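Written below as structure tokens is the structure these notes are about.
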Amino acid sequence: MTQSILIGAIILTVCAFYGLITHRHMIRLVISLNILDSAVLLVIVLLGYREDAVAPIVRAADVEYVLGLPHALSLTAIVISACTTALMLGYAVRVYRLRGTVYLDQLRRWRG
Amino acid sequence: MTRTLIGLTVAAAVGVLAMVTLWGSGPMPSATLQIDYALRVVQDTGAVNVVTAILFDYRGLDTLGEATVIFTASAVLAFLAPRSHASMLSVRLSMLILYGIAILLPFLMVFGFSTIIFGHVSPGGGFTGGVMLSSSVVIFAIAYSVGGQQSFVIPVLAKKYIENGAMLVFVAIGFLTLGTGGAFLANAATGIGLGEAGTLLSGGIIPYLNLASGFKVGMGLALIIISLFAE
């Protein structure tokens, strides 16, 4: 269970880095960063996983709960990834308005 | 072609590195960690939901920083993408969607508010409920803006005031706890009554912080999304 989710997170990381390096379209770069975010979130939530434990809402004393701290930190990570995504998209819209393209290659050619 | 090759190489290297790191670092912390918040959260904070207690009590300052991130993002986006002409909003939707949304919207808002208010006794909290609130606001703005004519549940200026006001309330609660002799955003150390765990008025300052951050996140995310598609 834990192993297979870790392998899934590693596959997501590899896909994200491949996309970040091969693509030059700004929206696709944003999508790659989002995939990287989800890989990180998988690992963070997995850090608090316990076999046969329940969600950390305290009901009785003799129940085993999963750790709550990784959940709280993953909430922070989700908020920050949503904000950076929104900022990058807004920047892409702005660049498209000013330059007429979102391909980084063509933007570089226009610099001189 | 060379870029594909470089991409494959780097991705494979990252994969191998991640595998070595994750399998070389021993067992998961959940198996070995001794400090478990679930064991002491009720007598420490009076809240039942461990995640909410960590967010708004043990790491309240961290949550304030998190709210600041949303605040900054919405401010920068309002600067980057000024709302001029909403070409995306001029699409006419079918009657089925309009009536469906009209039926769905009250339930969405009630669900969001109940997730915020009961955040410390059941799954949920300010951030989750705030996202639900912002989704209901955004759905209304998409569905009922016909022909470039924008109509919002809450006007944009009111959203900004609500967001800033909720931020101020959050900081004000922090300074109030500072005034009673505790640390910034301290809960039980200020001598506030924690109440009976599991009831609505328990957890000291946690429900109020939940409300403030719920409004803050809801209006902030709605501002972000609306200023993105109002380009």
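Remarks
- Among the criteria (1) over 17 Å from B:PHE71 (Cβ atoms); (2) of a type outside the set (Asp, Glu); (3) touching a residue at least 24 places away in the same chain (Cβ under 8 Å), the one B:MET167 does not fulfil is (1).
- Residue that is farthest from B:ALA172 (Cα to Cα) [pool: residues in segment B:52-84 that are touching a Gly at 6+ places or on another chain (Cβ under 9 Å), at pLDDT 85 or above and facing chain A (nearest Cβ under 7 Å)]: B:LEU77
- Complete set of residues in segment A:57-99 that are out of contact with any helix residue (DSSP H, G or I) (no Cβ under 9 Å at 6 or more places or on another chain), of a type outside the set (A, V, I, L, M) and either crowded, with 16+ Cβ neighbours inside 10 Å or assigned to a loop (DSSP other than H, G, I, E, B) (or both): A:ARG59, A:ASP62
- Listed by first and then second residue, the pairs linking a residue in segment B:1-25 that is at the interface with chain A (Cβ under 9 Å from one of its Cβ atoms) to a residue that is open to solvent by 100 Å² or more (accessible area, probe 1.4 Å) and assigned to a helix (DSSP H, G or I), with Cβ atoms under 9 Å apart and 6 or more places separating them unless they lie on different chains, form an empty list.
- Leading residue by the ranking (nearest to A:ALA55 (Cα to Cα)) among those in segment B:39-51 that are at the interface with chain A (Cβ under 7 Å from one of its Cβ atoms) and open to solvent by 10 Å² or more (accessible area, probe 1.4 Å): B:VAL51
- Complete set of residues in segment B:208-224 that are open to solvent by 20 Å² or more (accessible area, probe 1.4 Å) and farther than 14 Å from B:LEU80 by Cβ: B:TYR208, B:LEU211, B:PHE215, B:LEU221
- Test for A:ILE80: is it more than 7 Å from every other protein chain (Cβ to nearest Cβ) and of a type in the set (A, V, I, L, M, F, W, C): no
- Taking the criterion of being under 19 Å from A:LEU6 (Cα atoms) and basic (Lys, Arg), the only residue of segment A:38-92 that qualifies is A:ARG50.
- Condition met for B:THR32 (farther than 20 Å from B:THR177 by Cβ, at pLDDT below 80 and more than 9 Å from chain A (Cβ to nearest Cβ)): yes
The values are calculated or read from the model by the stated rules, or taken from the named source; none is laboratory data. Nothing here was measured: the structure is a model prediction, and the numbers come from that model. Quick reminder, even Gly has a Cβ in these numbers, built from the backbone with ideal geometry, and neighbours come from all protein chains shown. Ligands, DNA and RNA are excluded from the accessible area calculation, which covers all protein heavy atoms including side chains. Shrake-Rupley method; radii C 1.70, N 1.55, O 1.52, S 1.80 Å.
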